[in-house]
1. Does at least one position in the stretch 9-27 carry a residue that is in contact with a strand residue (DSSP E or B) (Cβ under 9 Å, 6 or more places away or on another chain), outside any loop (DSSP other than H, G, I, E, B), over 15 Å from Ile65 (Cβ atoms) and at pLDDT below 90?
2. Looking only at the stretch 1-46, count how many residues are on the phi > 0 side of the Ramachandran plot and surrounded by 12 or more Cβ atoms within 10 Å (Cβ to Cβ).
3. Out of the residues in the stretch 49-68 that are touching a Ser or Thr at 6+ places or on another chain (Cβ under 9 Å) and not in a loop (DSSP other than H, G, I, E, B), which is surrounded by the fewest Cβ atoms within 10 Å (Cβ to Cβ)?
Amino acid sequence: MTFSVIAQVPVPAPSQNQPILLVGGVAHVGNGEVIQNSFSGFDKGKITLVHESSNNVTDSSRFKIINITGKHVYSRFIPHI
């Protein structure tokens with residue numbers, strides 16, 4: 001009997017050149033709180049904000065906006081380094 005193992009070598013993502021704002025998703029904060037229709041922002045690989053999208057984000061024009069309506073975001077699965 002012969003077994004094969006195939007593995008993937010993770011490749012780091014390139015550095016962010018602008019902040020990113022995920023809009024419209026369901027954010028699972030990690031303490032049991034779930035935020036429907038959320039904004040989740042990150043910059044330079046770090047989470048900078050997570051809140052309900054009815055709150056105004058100052059100067060959202062500086063963000064690359066990604067619509068994730070209907071998707072779930074688990075911020076605690078992203079290491080805070």
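The values are calculated or read from the model by the stated rules, or taken from the named source; none is laboratory data. Computed from a predicted model, the values in this text were never measured in an experiment. In this analysis, Cβ positions are derived from the backbone assuming ideal geometry, glycine residues included, and neighbour counts consider all displayed protein chains.
1. Scanning the stretch 9-27, I find no residue that is in contact with a strand residue (DSSP E or B) (Cβ under 9 Å, 6 or more places away or on another chain), outside any loop (DSSP other than H, G, I, E, B), over 15 Å from Ile65 (Cβ atoms) and at pLDDT below 90, so the answer is no.
2. 4
3. Looking at residues that are touching a Ser or Thr at 6+ places or on another chain (Cβ under 9 Å) and not in a loop (DSSP other than H, G, I, E, B), I get Glu52.
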